[in-house]
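Have a look at the structure that comes next, please.
What follows draws every value from the coordinates through simple rules; no lab data is involved. Treat the numbers as computed from the prediction; the structure is a model and nothing was measured. No Cβ is skipped: glycine too gets one built from the backbone with ideal geometry, and neighbour counts run over all protein chains shown.
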Amino acid sequence: MSLANAFFAIIKRDLVLAMRRRSEIANPLLFFILVITLFPLGIGAQPHLLQSIAPGIIWVSALLAAMLSLDSLFRSDFDDGSLEQILLSAHPASLLVLAKVVAHWLVTGLPLLIVAPLLAIFLGMPTNSLGILLLTLLLGTPVLSLIGAIGVALTVGLRRGGMILSLLVLPLYVPVLIFASNAVEMAGAGLPIQAQLNILISFLFMAVFLAPWPTAAALKMSIN
Amino acid sequence: MSASVSYLLQVNNLSCVRDDRLLFEGLSFAISAGEVLLLEGKNGSGKTSLLRILCGFREPDVGDLSWCGDALSDSSYFADLAYVGHLEGVKKELTVYENLKVALALGQAGSYSIMEALTRVNLEDFADVLVGALSAGQKRRLSLARLLITKNILWILDEPFTSLDRQGIALIETLMSEHCAKGGMIVLTSHHDLTLQGVDVQRIMLS
């Protein structure tokens, strides 16, 4: 009985499941692309305005896309009883939950990173800040998934938890949004951004180590 | 399952309140290796609640449980326990084999390999079939096959005979007798009359 074995079995299982129901990957990605492509249409022919708000647009869209994808994290496992089996396992529930969040990020967060540079160019973002945009997304979106997991775990037992979920999770997303979009903006202006990156890195470490526990505890409460 | 350790589940003075309704109180029992406990009672009499308390999903409102004399959280209880509930706990987008592989990774390998277990529950031809394409009875057999591939002493079964045909019921009863003969123990609820050969069956009536 090995913990690493169980950890990777859960990741593999969730990736296979995501491949077999592709809408789970497509939905947040499509939402992300749609929202960003609608902005130039709404704002009109003002390339400078668009360029200056591009980091904010991309980060707000990524945040909303991440939130939209949250419900699928535990929903199907909760409905078919797999969650009971996972929590009943003798392995620490928090690590198995972390495996689920990792798989969920690979499926819903990583695709955003892949299309984000294209959309950034589309919004006219300066090319010297593209790398920083990717870096902030790489550091920030896992935090969104990990924090979101706590919220979903608390609301998965409720029939209509959607509204409560956004109220719970959005305030916790705000710091990530502020520091990440600020870093991209500053990088575009050629200013130092080490402080923002350090804060994002510390968010990530804190979330990886601290979020799985309350998530596992909340799931135990939800299946009660 | 070594004979040197004698497994014992003890339940002392257990009470359960659900939505301000007292389901049962002062419930005490003990099960040791080789025994079966059958919970009977009307719908809503607290059978499933009791099983969920035994699984650790619910905290008992009053009373305590112990495994081999230790509190559940201090013992190997959760490694020794397997639960098959109302929900099958299998993913319908995965094949039969993939589902069991995940179950095996979550537990400790038992006496049967995955293919042996599938042969045992007559699902050997369905290993590569998606679970979504199985009938209700076949899904139930699959979730019971999970008990065979992992090493567990205590089986907790909530209405294991639901949607099984007559052969299926006989098969599960045989598996249950074998499990007890090997020193395992079983707690189950059932409306079906249990016929187990050479096994000590305790009955508790919840009302």
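Between segment B:170-207 and segment B:152-166, how many Å separate their Cα centres?
Cα centres, segment B:170-207 to segment B:152-166: 9 Å.
Quick check: from the Cα gyration tensor, does chain B come out rounded (a/c under 1.5), prolate or oblate?
Prolate, because a/c is 1.5 or more and a/b exceeds b/c.
So, one more: Percent relative contact order of chain B, based on C-alpha pairs within less than 8 angstrom and at least six residues apart?
30
Let me ask something additional. Over the alpha-carbon set of the protein assembly as shown, divide Rg by the Kirkwood Rh and report the Rg/Rh ratio to two decimals.
1.07
Continuing with this model, one more query. Return the single residue from B:L14, B:L106, B:L171 with maximal mean-square fluctuation; model: Gaussian network over chain B, springs between Cα atoms under 10 Å.
B:L106
Taking neighbour Cβ counts within 10 Å as the exposure measure, how do A:V35, A:V115 sort from fewest upward?
Exposure proxy ranking, most exposed first: A:V115, A:V35.
Order of A:V174, A:V169, A:V143, A:V60 from fewest to most other C-beta atoms within 10 Å?
A:V174, A:V60, A:V169, A:V143
Per DSSP H run of n ≥ 4, the term is -39500 (n - 2.57); total these for chain B, divide by its residue number, and report the mean residue ellipticity at 222 nm rounded to 500 deg cm²/dmol.
Rounded to the nearest 500, it is -8500 deg cm²/dmol.
Would you mind computing, in nm to one decimal, how far apart the modelled labels at A:L49 and B:V201 are, each placed 7 Å from Cα along Cα→Cβ?
Output for this residue pair reads 7.8 nm.
Other chains near B:72-78: what is the mean number of their Cβ atoms within 10 Å of each residue's Cβ?
Going residue by residue through B:72-78 and averaging, the value is 1.
Have a look at A:L98, A:L41, A:L106 and tell me which one the Gaussian network model of chain A (Cα, springs below 10 Å) gives the largest fluctuation.
A:L41
Further, regarding this structure: Sort segment A:158-224 into rounded, prolate or oblate with this rule: let a ≥ b ≥ c be the square roots of the eigenvalues of the Cα gyration tensor; rounded if a/c is under 1.5, and if a/c is not under 1.5, prolate when a/b is larger than b/c, oblate otherwise.
oblate
Could I ask something else about it? Counting only other chains, and only Cβ atoms inside 10 Å, what mean value do you get across the residues of B:97-110?
Counting Cβ atoms of other protein chains within 10 Å of each residue's Cβ and averaging gives 5.
For B:D125, B:D20, what's the fewest-to-most ordering of other Cβ within 10 Å of each Cβ?
Ordered from fewest to most neighbouring Cβ atoms within 10 Å, B:D125, B:D20 come out as B:D20, B:D125.
Taking only the alpha-carbon atoms of chain A, what semi-axes of the equivalent ellipsoid follow from 5 times the gyration tensor eigenvalues under a square root, in whole Å, largest first?
Ellipsoid semi-axes (Å, largest first): 33, 18, 15.
Regarding segment B:1-80, what are the three Cα extents along the principal axes, ordered largest first, in Å?
Extents along the principal axes, in whole Å: 43, 24, 20.
At what distance in angstrom do the alpha carbon centres of segment B:7-86 and segment A:170-224 lie from each other?
Measuring centre to centre over Cα atoms gives 41 Å.
Given contacts defined as C-alpha pairs under 8 Å and at least six residues apart, what's the relative contact order of chain A, whole-number percent?
Over chain A, the number comes to 27 percent.
Also, quick follow-up: Please find, in a Gaussian network model of chain B (springs between Cα atoms separated by less than 10 Å), the residue of B:L134, B:L54, B:L37 whose mean-square fluctuation is greatest.
Sorting by GNM fluctuation, first place goes to B:L134.
Go ahead and estimate [θ] at 222 nm for chain A from helices alone: -39,500 (n - 2.57) per DSSP H run with n ≥ 4, summed, over the residue count, rounded to 500.
Computed mean residue ellipticity for chain A: -28000 deg cm²/dmol.
Something else about it: For B:K182, go through the lysines and keep the ones whose alpha-carbon is under 17 Å away, minus same-chain ones fewer than eight residues off.
Result set, ordered by chain and number: B:K151.
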